[in-house]
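What follows is a short report on a single structure.
No lab work stands behind these numbers, since they all come straight from the coordinates. Just so it is clear, the model here is predicted, and its values are computed rather than measured. We place every Cβ from the backbone using ideal geometry, glycine too, and count neighbours over all the protein chains shown.
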Amino acid sequence: MTDAGALPLALSDLVADLCGAGLLAGAITAGQAFGGDLEAVGVPSALVLAATVAARRCPWSSAPDLAWSAPATVLGTSASTS
């Protein structure tokens, strides 16, 4: 879920319905949205996080093996590095 609505994930009926139907294994919230199984600083880092999770769960995936706690990158960071 992106931060466009800054919505707590628990309030999303769509996510609840998809999880209930077995069509969604988890959710990543980004930016001002919160409450996901995983949380990211912004949409670019959320996409990297999703690719990383997919690569670890699907060994045949060609996604890069990224570290879970990577240092600050061009995708952003949630803490000051100075």
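Couple of notes before you dig in:
- Remark: ASP37, ASP3 ranked as ASP37, ASP3, counting other beta-carbon atoms within 10 Å and listing the fewest first.
- Electrostatic bookkeeping for THR29 treats Lys and Arg as +1 and Asp and Glu as -1; over the other residues with beta carbon under 13 Å from its beta carbon, the sum is -3.
- By the equivalent-ellipsoid construction on the alpha carbon gyration tensor, segment 9-57 comes out with semi-axes of 19, 15, 6 Å, ordered largest to smallest.
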